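Below is one structure, written out as structure tokens; comments come after it.
Derivation of every value follows stated rules applied to the coordinates shown; laboratory data play no part. Worth saying up front: this structure is predicted, and the values here are computed from it rather than measured. Methodologically, a virtual Cβ is constructed for each residue, glycine included, from the backbone with ideal geometry; neighbour enumeration extends over all protein chains shown.
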Amino acid sequence: MFRIAGSRRRLYCYYSSSSSFFSPWLQNLSATFSTGLLHLSLSPTESHYSQDYHRLLCILEACKVSPNLRTIAGAHTNIIKLGYGMYPSLISLMVVTYASCDRLNLARQLLVEIPTEYFDAVSANLMIARFMKMGAVDVAKMIFNEVPLRDLVTWNSLIGGYVKNDMCKEALSVFRKMLRSNVEPDGYTFASIITACAKLGAIDHAKWVLHLMTERRIELNYILSSALIDMYSKCGRIEIARGIFDSVERTNVSVWNAMINGLGIHGLALDAIEIFSLMEPENVSPDSITFIGLLTACSHCGLVEEGQKYFQLMKSLYLIQPQLEHYGTMVDLLGRAGLLDEAYTVIKEMPIEPDAVIWRTFLSACRIHKNSEMGEVASTKISHLGSGDYVLLSNIYCSTKKWDNAEKVRCLMKWKGVRKNSGKSWVEVGNVVHQFKAGDRSHPEAELINRTLKELFHRTKLEGFSSTTELVLMDISDEEKEENLSYHSEKLALAYGILKSSPGTRIQVSKNLRTCPDCHSWMKMVAKVLNREIIVRDRIRFHHFADGYCSCGDYW
């Protein structure tokens with residue numbers, strides 16, 4: 001027996017051995033699961049249906065935790081046989097369970113075969129959240145677009161999923177669509193959107209979101225307070241973040257953590273330490289995250305003795321057992337300061353096995369201090385070298401003029417098919433976030449950007465700037481090396497920001513990778529020549545350029 005559902009004529013939910021819904025992968029498996037755990041009664045009585053229904057729910061919930069394709073397919077067969085194909089809770093759980101078993105193709109096929117208009121909001125929300133968690137954004141978006149009844153949770157699931165998958169521009173776009181649909185956002189919505197603004201470093205969007213919250217009288221709890229402090233910190237407005245911190249209720253430690261971390265990434269370690277000292281008088285106990293922020297702040301400013309003191313204090317006074325992240329910050333603290341032997345000792349004496357992140361941190365310190373021998377030690381400890389690891393090792397060899405070794409690393413990358421991560425930078429202009437890749441010529445105003453960039457290079461050279469070319473491949477001319485450095489993504493983003501802004505205004509650029517020494521030196525010179533404040537947020541910290549200087553003191 002068939003039931004034709006809707007104009008799309010998708011076959012729906014009643015069992016037939018000839019049904020197209022039973023594609024070969026299900027037909028072949030259906031006979032396998034008639035015994036054992038999956039031997040479900042075919043009695044049509046109401047009690048048996050109820051018993052079987054709950055048993056199927058339990059099986060699928062168990063398969064979400066411990067995926068087993070055979071068991072899942074057997075449950076699917078029995079759902080159809082027992083006539084439960086019209087139950088959204090079971091079918092949506094079936095889709096999610098296939099996804100949990102890394103069978104996204106089967107999950108997609110099931111979604112295509114079943115009319116999604118029969119899914120209620122609860123089922124749709126479950127599927128959207130699950131697929132977003134797995135990174136299957138296209139499937140989550142498809143469900144969202146097709147489900148007829150969307151509630152607030154449906155919108156929050158899509159927006160939050162986009163943010164968690166670092167698709168923040170898409171999250172903001174959906175949020176605007178939500179507002180046009182007359183769906184009233186709540187605290188969870190704003191928490192996600194605030195995080196999106198923080199990740200983008202989009203200050204104009206941040207101000208707009210805060211205005212909406214005030215307009216809608218959204219009550220600040222510790223989650224939103226922490227998010228707002230984090231947002232303004234990451235949008236380069238640490239003074240506004242501090243004002244929020246001073247004005248909100250601070251009984252929850254996460255509010256303190258947001259402020260300490262924000263000060264740390266701006267290189268304001270002494271301010272972070274001052275905030276930490278206020279916790280005890282206000283009867284707030286620090287947690288493990290507090291010390292990660294505090295140690296990171298010390299690391300960015302080279303406060304080795306202070307960092308070591310707080311690391312010991314964490315263990316002795318607050319009885320917090322150091323985790324990998326704490327050891328990683330200590331390796332970073334010592335490594336940045338050039339104390340490579342001490343950093344290596346910390347790694348060797350760790351009571352837990354160091355992970356790849358710790359060895360990468362050590363490798364990065366070896367690059368800063370041009371120690372190829374210890375860099376080789378670190379690289380051998382990383383079981384699966386990523387593109388960044390190869391580049392770090394190659395740069396170590398270049399900086400110590402071991403060109404043959406550097407070329408071998410590059411050849412190894414080519415042989416293994418490893419590509420260098422593409423640098424991406426973005427700048428907010430007129431409430432629009434513009435993104436650039438290294439060497440990008442796809443922007444509609446690319447010609448004007450390049451013209452602006454050339455004029456900036458000309459002016460900075462007249463002031464004495466020269467490109468740092470030693471980290472560029474050695475088999476090309478000096479002119480080509482300079483050309484290679486000229487089109488780094490942050491330079492393109494800055495040129496566009498200058499092109500579109502008034503003289504004297506502050507410009508902020510965000511980047512997905514650590515800014516390179518050449519771009520760092522060039523930004524200092526541009527800030528001096530144009531008499532502007534330039535803020536660059538790279539993967540690690542903020543750089544405030546003004547008058548030919550950087551807030552990091554060239555220590556980053």
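Points worth noting:
- Residue among N531, Y344, S181 farthest towards the positive dipole end of the chain, charges placed on Cβ: S181
- Taken about its Cα centre, the chain carries a charge dipole of about 1620 debye when Lys and Arg each add +1 at the Cβ and Asp and Glu each add -1 at the Cβ.
- Cβ-Cβ FRET estimate between N145 and D166, R0 fixed at 22 Å, reported to 0.05: 0.55
- Stretched out straight at 0.36 nm per residue, the stretch from V65 to D204 would grow longer than its current Cα-Cα span by 45.8 nm.
- Packing, as the average of other Cβ atoms within 10 Å across residues, places the peptides 402-415, 59-72 in the order 59-72, 402-415, highest first.
- The alpha carbon gyration tensor of the range 155-204 gives principal lengths a ≥ b ≥ c with a/c of 1.5 or higher and a/b greater than b/c, which makes the shape prolate.
- Sorting the segments 121-127, 207-213 by their mean number of nearby beta carbons within 10 angstrom, highest to lowest, gives 121-127, 207-213.
- Test item: Cα-centred dipole of the range 105-233, Lys/Arg +1 and Asp/Glu -1 on Cβ, debye: 260 debye
- Stretching E463 away from Q323 to a fully extended chain increases their span by 45.6 nm, per 0.36 nm per residue minus the current alpha-carbon distance.
- Relative to the current alpha-carbon distance between D355 and H211, full extension at 0.36 nm per residue lengthens the span by 47.6 nm.
- Cα gyration tensor, the range 279-427 - rounded (a/c under 1.5), prolate or oblate: prolate
- Of the GluC sites (Glu not before Pro) found in the range 346-396, none is in coil by DSSP with at most 16 other Cβ atoms within 10 Å of its Cβ.
- Label-point separation, K401 to E305 (7 Å along Cα→Cβ), nm: 3.7 nm
- When only the Cβ of Lys, Arg, Asp and Glu is charged (+1, +1, -1, -1), the dipole of the range 45-194 relative to its Cα centre reaches about 380 debye.
- Three-way shape call for the chain based on the alpha-carbon gyration tensor, with the a/c threshold at 1.5: prolate
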